[in-house]
Amino acid sequence: MTGHTLGWAMVAAVLVAGCGDKPQQKGDNLVVLIGQASPLTGPQAHLGKDNENGARLALDEINVAGLTLGGKKVVLELKSEDDAADPKTATTVAQKLVDEGVAGVIGHLNSGATIPASKIYSDNGVPQISPSATAVAYTAAGFKTAYRVMTNDAQQGSVLGNYAVTKLGAKRIAIIDDRTAYGQGLADEVEKAAKAAGGLVVAREYTSDRSTDFMAILTSIKGKAPNLVFFGGMDPQAAPMIKQMKQLGLQAKFLGGDGAQTPKLIELAGADAEGALASNPGLPLDAMPGGSAFKAKFEAKYGKIQNYSPYAYDAMHVLIEAMKRADSSDPAKYLAELPKTDHQGVTGRIRFDTKGDITGGAVTLYQVKDGKWQTLETVQSGK
Amino acid sequence: MSSVLKLHQSQPRWVIFGLLALGLALLPFLVDVGLGRSWVRLLDLALLYVMLALGLNIVVGYAGLLDLGYVAFYALGAYVYAWLASPHFGLHLPFWAILPLGAALAGLFGVLLGTPTLRLRGDYLAIVTLGFGEIIRIFLNNLNAPINITNGPQGINLIDPVRLGNVSLSQPHELLGFTFTGVHLTYYLFLLLTLAVIFISMRLEDSRIGRAWVAIREDEVAAAATGINTRNLKLLAFAMGATFGGLAGGLFASFQGFISPESFNLMESIMILCMIVLGGMGHIPGVIFGALLLTLLPEALRYTGDWQRNLFGQIYVDPADLRMLLFGLALVAVMLYRPAGLIPSARRRQEFADAKG
Amino acid sequence: MDIFLQQLINGLVLGSVYALVALGYTMVYGILELINFAHGEITMMGAMVALSVIGALALAAPGLPGVLVLGAGLVVAIPVCMALGLLIERVAYRPLRHAPRLAPLITAIGVSIILQNIAMLIWGKQYIPFPAVLPEGRHEVLGAHITDVQIAILLLTMSIMIMLVLVVMKTRLGRAMRATAQSRQVASLMGVDVNGVIAATFVIGSALAAVAGVMVSAYYGLAHYYMGFLLGLKAFSAAVLGGIGNLGGAMLGGLLLGLIESFGAGYIGDLTGGFLGSHYQDVFAFFVLIAVLVFRPSGLLGARIVERA
């Protein structure tokens, strides 16, 4: 019995352990909390921090300019949480933000974290704008609280598939994906669009996000003589894939999505990267309407822009403008204003369709030339 | 272990039992007030892991069969729930019908995995179960074509929450002047099922079956020689463990509302294994302790990130990385210095001590 | 035909890598009956260390010939891995030699996690490019392509294999190893330093792992802290397939697994009309593993033993 008692006592100790303190409330002004959720630890911490900074920059500017809702002076406060890019942690974090009484959320960064979290925001009626989640499933769930200011995978995929056939003149296309939600989703959209544009998909092959050996599938693809190989996946796979295409003497263009349009790809693939094509949703920073001004402001405060901070910045503005139109920070009141958004932001004009996706999201194509990504052109989706 | 349950024996146990029950009933409210509601959610998750760990404990702790593919059963339970209660197939069966179904299917797969591997022991079994777990995950990840069964890597979204009558466990409800939020109600459901799992585990441990498992674990040949039907008992261990895994999987699906194959990777199996190894294999309080510790530890480790930022102005070691490193070190250290776990059972400790001699 | 030949080359090169790593598993298992889960991670460590050396050298002395730079990487990586293997054996396995079987297996998993995370802390989470120091010679044979690196991998694996067989069959150490594998107790009674033999086994296995790690990262052009895990798992499957504890078996198993994966991923999609495809590539490996363990637990070349415990 003694051993058991000790055992149960330790169980109980763990249960009550870790008594922390509750977040303090400020009472002087009307404080409105805005949540921000992204990975602040782990391999994507730099991207998560970038989102946080973008949102914070917008929030600080609005506070400085002064905000009055319902006749009261309002001070916005950012509640930033770390979702570690993990679906389970994301739901915990979402619950935490809801409990703290945030009026709206900017986030999350990854689709994998955004999708399960969106259910919690929806259950509690908290509007959410993701600056960077691209999976179709996020807005397809039909939650009234879910919005995004980033071109989604379907939009990007349809542009890519169409571009491959009409602009790059690829009649015979091989498609590979890495069996992740991102890679498979994008590849399926590319396949659809390529077929619709009159292209022939000669091979559909698969790999994993851990693999580095693509010799077998590339050899099989080579036997079908494609003009273009599309890969839905990330740079650590895209780079060796490009190298192995060269090794096998596979004479086809390489096209990737935003997972491949990274400096890392060039670093990993070296000279073989030359000529590789890839896309990224949205405009390049220097082509954004407010790009250079944003860059100056942002870099003076936080240093180099990583990727999505302009989108987080715009998302914050979109959210607060809806509050202004409703003259309230009560989600129940200003949620109805979000669909009416027509915001001229840093990243371009932002309007939402009925699902909460951005209308006519832009996709930019890039090519590696002289060891650098060069902009080819920007295409509007949905045309 | 039955000591807590044999209530007629003495008066003080009633008191202890009553206090424990009251404490468990009030716990979500205490946690809510003390730490915030997200910790109640974490508590729900911790209960889920207690169930999983107790399930694996039957296979590894009682019967001594090292199973590295346990997460496969968890996944099966989750997918059965998702198939029968989501827009994916347009089915919305009630949870009390699906949970047993998912658990039963997982149990069936447990037997299916068990049958061909009966001859294998130790490390060979570990590798085969690991392979089995990966195969299940790969199939779940790829069965979106030619027929869309699992929706592939996109996972299944909008899974129904548990509903009791017209009370949904994802919305807050008023009762007797108290507001019970979804996470609170979920806590009580999970607690109830966890207690059931604990009860079954306790009864099994003390039964003929439990003693036979221990005999198999300690010496299979000798066990068979004493007339124990080792084949059936090993299959039963697999089936029981898998059933609990399937049950926890179903609850996970309803709790999260979204599942995808990436939630059921090998690391998850190893995590659950860590729980029972650290806590104490084959010992229920130990296993519960291990499950609670490892579920709540990452949250606690998050604060190390803040400390580092405050102390050094930047984060040197990512808390998420620290966690895995600590797990690895803990696994080795526990095996070397406390092989029977942090809260060992008397018998298990003896076993390891004998082996050393 | 050229496609078939190409798949054959792909499979043989992949298989050689598996075989080299499998040798380490099979040696340790043969002597200790322990799956050294951390063996894959030693491969990764070898690659990482060599990569650091090669990177530094390529910066410091840009004119050096590629083979020399690669050699320098190996010269550093091999002793580091040997030391690592020795350390792991001493700290994590030796104290548990008489513990229940579950115990060393769990420490092996623990060591594997520790090594991965240490590598992640030192070299980061990103994939690291392997500096392009080697000539990219490419030859065409009957429509199929083979590169210098691929030829080097095939030749190196063959020669290491032959050397290893010579060591085990012809030297004093080899005899001691075989004796220890048969019975640790009897061997020690005959005056064999059993602890020394076991340590030597780990050292040799780790050296092979280092070579394999460098080969893999040079071949694919990158390295990553996680690269050892799946490689280790595949290599272990190869060792089991061939008959664990048997050097020739590891070689045969490795090559067979490489070929199965290559032809499987290459042809199954077309053969089944797209019903099964290359997404099941890893399933083939695991399926073969399970099938072999269930129907012929001793592997293709292993002795028939009633029960592997």
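With respect to A:V363, determine if the residue is touching a Gly at 6+ places or on another chain (Cβ under 9 Å), hydrophobic (A, V, I, L, M, F, W, C), part of a strand (DSSP E or B) and at pLDDT below 95.
Yes.
Assess whether C:I260 counts as being outside any helix (DSSP H, G or I), more than 8 Å from chain A (Cβ to nearest Cβ), over 30 Å from C:W123 (Cα atoms) and not polar (S, T, N, Q).
Answer is no for this residue.
Of everything in region C:235-248, what is surrounded by fewer than 24 Cβ atoms within 10 Å (Cβ to Cβ) and either in contact with a strand residue (DSSP E or B) (Cβ under 6 Å, 6 or more places away or on another chain) or not in a loop (DSSP other than H, G, I, E, B) (or both)? Give them in sequence order.
Result: C:L247, C:G248.
Taking region C:128-140 only, how many residues are part of a loop (DSSP other than H, G, I, E, B), more than 7 Å from every other protein chain (Cβ to nearest Cβ), surrounded by 13 or more Cβ atoms within 10 Å (Cβ to Cβ) and not acidic (D, E)?
Adding up the residues that qualify gives 4.
Report yes if some residue within region C:41-49 is surrounded by fewer than 22 Cβ atoms within 10 Å (Cβ to Cβ), within 14 Å of another protein chain (Cβ to nearest Cβ) and of a type outside the set (D, E); otherwise report no.
no
Looking only at region B:78-88, decide whether some residue is within 17 Å of the chain's Cα centre (by Cα), within 14 Å of chain A (Cβ to nearest Cβ) and buried (at least 24 other Cβ atoms within 10 Å of the Cβ).
Checked region B:78-88: at least one residue is within 17 Å of the chain's Cα centre (by Cα), within 14 Å of chain A (Cβ to nearest Cβ) and buried (at least 24 other Cβ atoms within 10 Å of the Cβ).
Return the only residue of C:G143, C:G110, C:G124 being at positive phi, at pLDDT 85 or above and either within 14 Å of chain B (Cβ to nearest Cβ) or surrounded by fewer than 20 Cβ atoms within 10 Å (Cβ to Cβ) (or both).
Of the residues listed, the single one that is at positive phi, at pLDDT 85 or above and either within 14 Å of chain B (Cβ to nearest Cβ) or surrounded by fewer than 20 Cβ atoms within 10 Å (Cβ to Cβ) (or both) is C:G124.
Quick one: would you say B:E205 is under 19 Å from the mean Cα position of the chain (by Cα), under 18 Å from B:E351 (Cβ atoms) and not basic (K, R)?
So B:E205 passes the test.
Please verify whether A:S132 is surrounded by 24 or more Cβ atoms within 10 Å (Cβ to Cβ), closer than 22 Å to A:E321 by Cα and out of contact with any strand residue (DSSP E or B) (no Cβ under 7 Å at 6 or more places or on another chain), treating the condition exactly as stated.
yes
Hey, does region A:44-63 have a residue that's modelled with pLDDT of 85 or more, aliphatic (A, V, I, L, M) and within 15 Å of the chain's Cα centre (by Cα)?
yes
Return the residues of region C:110-129 that are out of contact with any helix residue (DSSP H, G or I) (no Cβ under 7 Å at 6 or more places or on another chain), touching a residue at least 24 places away in the same chain (Cβ under 8 Å) and more than 20 Å from A:P240 (Cβ to Cβ); say none if nothing qualifies.
Across region C:110-129, the qualifying residue is only C:I122.
Confirm whether B:I288 is more than 10 Å from every other protein chain (Cβ to nearest Cβ) and modelled with pLDDT of 90 or more.
no
Checking C:G55 against (1) over 23 Å from B:Y124 (Cα atoms); (2) over 17 Å from the mean Cα position of the chain (by Cα); (3) more than 14 Å from chain A (Cβ to nearest Cβ), which test does it fail?
(3)
Taking A:Q261 and the conditions (1) within 14 Å of chain C (Cβ to nearest Cβ); (2) polar (S, T, N, Q); (3) over 30 Å from C:I146 (Cβ atoms), which numbered condition does it fall short on, given that it satisfies the others?
Every condition holds for A:Q261 apart from (1).
Sort out which residues of region A:245-258 are outside any helix (DSSP H, G or I), touching a strand residue (DSSP E or B) at 6+ places or on another chain (Cβ under 6 Å) and within 10 Å of another protein chain (Cβ to nearest Cβ), and write them in order of number.
Selection gives A:L248, A:G249.
Which of the residues belonging to region B:334-348 are more than 8 Å from every other protein chain (Cβ to nearest Cβ), surrounded by fewer than 21 Cβ atoms within 10 Å (Cβ to Cβ) and not in a loop (DSSP other than H, G, I, E, B)?
B:Y337, B:R347
Run down B:S254, B:S263 and say which single residue is within 8 Å of chain A (Cβ to nearest Cβ) and within 21 Å of B:V183 (Cα to Cα).
B:S263
Within region B:118-156, can you find the residues that are more than 7 Å from every other protein chain (Cβ to nearest Cβ), within 17 Å of B:I216 (Cβ to Cβ) and crowded, with 19+ Cβ neighbours inside 10 Å?
B:L125, B:T129
Taking region A:181-211 only, how many residues are assigned to a loop (DSSP other than H, G, I, E, B) and crowded, with 24+ Cβ neighbours inside 10 Å?
Residues that pass the stated criteria total 2.
Over 21 Å from B:H88 (Cα atoms) and surrounded by fewer than 23 Cβ atoms within 10 Å (Cβ to Cβ): is that true of A:K171 in this structure?
Spelling it out, A:K171 is indeed over 21 Å from B:H88 (Cα atoms) and surrounded by fewer than 23 Cβ atoms within 10 Å (Cβ to Cβ).
Can you tell me which of A:T145, A:T166, A:T114 is under 25 Å from A:T359 (Cβ atoms), of a type in the set (V, I, T), out of contact with any helix residue (DSSP H, G or I) (no Cβ under 9 Å at 6 or more places or on another chain) and in contact (Cβ under 8 Å) with a residue 24 or more places away in the chain?
A:T166
Consider B:T243 against the criteria (1) of a type in the set (S, T, N, Q); (2) buried (at least 23 other Cβ atoms within 10 Å of the Cβ); (3) at pLDDT below 90: it satisfies all of them except one. Which criterion is unmet?
Single failed check for B:T243: (3).
Say we look at region A:243-261 and pick out the residues that are touching an Asp or Glu at 6+ places or on another chain (Cβ under 7 Å) and closer than 18 Å to C:A218 by Cβ; which of these is surrounded by the fewest Cβ atoms within 10 Å (Cβ to Cβ)?
Out of the qualifying residues, it is A:K246.
Identify the single condition in (1) closer than 21 Å to C:G221 by Cα; (2) of a type in the set (A, V, I, L, M); (3) in a loop (DSSP other than H, G, I, E, B) that A:A225 does not satisfy, given that it satisfies every other one.
(1)
Right, C:Y267: within 14 Å of another protein chain (Cβ to nearest Cβ), under 27 Å from C:P79 (Cβ atoms) and out of contact with any strand residue (DSSP E or B) (no Cβ under 7 Å at 6 or more places or on another chain) or not?
Answer is no for this residue.
Output the residue which, of all residues in region A:138-149 that are surrounded by fewer than 24 Cβ atoms within 10 Å (Cβ to Cβ) and not β-branched (V, I, T), is farthest from A:A194 (Cα to Cα).
The selected residue is A:K144.
Answer yes or no: is there a residue in region A:68-88 that is in a helix (DSSP H, G or I) and within 14 Å of another protein chain (Cβ to nearest Cβ).
yes
For residues that are in a helix (DSSP H, G or I) and modelled with pLDDT under 90, tally how many sit in region B:256-267.
The qualifying residues number 5.
Return the total of residues in region C:58-74 being assigned to a helix (DSSP H, G or I) and either over 23 Å from the mean Cα position of the chain (by Cα) or free of Cβ contacts under 8 Å to residues at least 12 places away in the same chain (or both).
Counting residues in region C:58-74 that are assigned to a helix (DSSP H, G or I) and either over 23 Å from the mean Cα position of the chain (by Cα) or free of Cβ contacts under 8 Å to residues at least 12 places away in the same chain (or both) gives 6.
The values are calculated or read from the model by the stated rules, or taken from the named source; none is laboratory data. The structure displayed is predicted, hence computed values, not measured ones. As a convention, Cβ positions derive from the backbone with ideal geometry for all residues, glycine included, and neighbour counts pool all protein chains shown.
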